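Read through the structure below, which is laid out as structure tokens, and then see the notes.
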Amino acid sequence: MIHFVGAGPGAVDLITVRGANLLKNADVVVWAGSLVNGELLKLCKDGCKIFDSAKLNLEETTEILLSAERDGLSCVRLHTGDPCLFGAIREQMEELDKHGVEYEVVPGVSSFCGAAAALKTEYTVPGISQSVLISRMEGRTGVPEKEKISELSKHGSSMVLFLSSGMIKELCAELKKGGAYTDETPCAVVYKASWADEIVIRGTIGDIAEKAAQAGINKTALILVGEFLGGKYEKSKLYDKTFETGFRKAEV
């Protein structure tokens, strides 16, 4: 069995219990060395074979997984955050499907959750935003025309941008093209959320690029945009004493 495991946002104790147990018992681990916290590998048992996928292509990674399966070994494919977001796992799973190899996916805590925790904020706040758009800036790898930042930003919803901190100046220009965001729209950069060297920078679309440059941040960071980072919002009806629910009578 091949186990695709989400390692969490960075802190060793933010991997799931299931993920940690699989890692402890694995005979083979293929990990995303450029993104995953290497401290997690201390959970591996003696004799575990460890491969860094940052140095491998799809074919090489697939052969390691298939070899482990042929030898009857327990194998963990360790991805950063949750593998469903920018994890490139679909192509890996399809390769295993071609060979009739069974696998499972173990979810993890995404870095976009870790970033919100670092900022002590909530993406969905009444009266401001009830939607979260997760995307990235177009770079060497393109995006569909309808999903360019200038198009997505028309919604004015809470946004989380992965893989874009190296193009933050260009990103900010694209964000404003949608018309919903301005130079005054709150913005934040969270570098290595939940890691020991985590850095949080707050600002606006108008000044966040300069602040990130001054801090030397151009990779391994998320960019958060939207009025959810501001001070105005409406309180939730969930805990409003005048709002009746299936569990609580309203107080008149």
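The values are calculated or read from the model by the stated rules, or taken from the named source; none is laboratory data. What you see is a predicted model, and the numbers here were worked out from it, not measured in a lab. Ideal geometry is used to build each Cβ from the backbone, glycine not excepted, and the neighbour counts take in all protein chains shown. All accessible areas refer to the heavy atoms of the entire protein, side chains included, with ligands and DNA or RNA removed. Shrake-Rupley method; radii C 1.70, N 1.55, O 1.52, S 1.80 Å.
Ranked by the mean number of other Cβ atoms within 10 Å of their residues, highest first, the peptides 185-191, 245-251 fall in the order 185-191, 245-251. Counting protein heavy atoms only, the range 182-235 has 47 percent of its accessible area on carbon and sulfur, 1.4 angstrom probe.
P(r) tail for the chain: Cα pairs beyond 35 Å make up 27% of the total. The apolar share of the surface of the range 1-140, taken as the fraction of accessible area on carbon and sulfur atoms (1.4 Å probe, ligands and nucleic acids excluded), comes to 50 percent.
Among the listed pairs K192/K241; K177/K237; K24/K55; K148/K235; K42/K192, those whose Cα-Cα separation exceeds 31 Å are K192/K241; K177/K237; K148/K235. Scoring 156-167, 228-239 by mean Cβ neighbours within 10 Å over their residues and listing the highest first yields 156-167, 228-239. Residues in the range 46-195 average 52 Å² of solvent-accessible surface per residue, probe 1.4 Å, ligands and nucleic acids excluded.
Diffusion coefficient of the range 1-65 by Stokes-Einstein, Kirkwood radius over Cα pairs, 10 °C, 1.306 mPa s: 131 µm²/s. Database note for the chain: Cys without another Cys beta carbon under 4.7 angstrom, C75, C84, C113, C172, C187. Using the Cβ of L224 as centre and a radius below 15 Å, the other residues enclosed give a net charge of +1, where K and R count +1 and D and E count -1. Solvent exposure of the range 208-252, expressed per residue, is 78 Å² of accessible area, with all protein chains present and a 1.4 angstrom probe. The eigenvalues of the Cα gyration tensor, multiplied by 5 and square-rooted, give the range 125-170 an equivalent ellipsoid with semi-axes of 21, 12, 8 Å from largest to smallest. Beta bridges assigned by DSSP with both partners in the range 1-115 are antiparallel in approximately 5 percent of cases. Between T242 and N218, the modelled label-to-label distance comes to 5.4 nm, taking each label 7 Å out from Cα in the direction of the beta carbon. Taking every DSSP beta bridge that has both ends in the range 96-252, the antiparallel portion is near 75%. For the chain, no complete DSSP H run has alpha carbons reaching 30 Å or more along its own long axis together with a mean Kyte-Doolittle score of 0.0 or higher.
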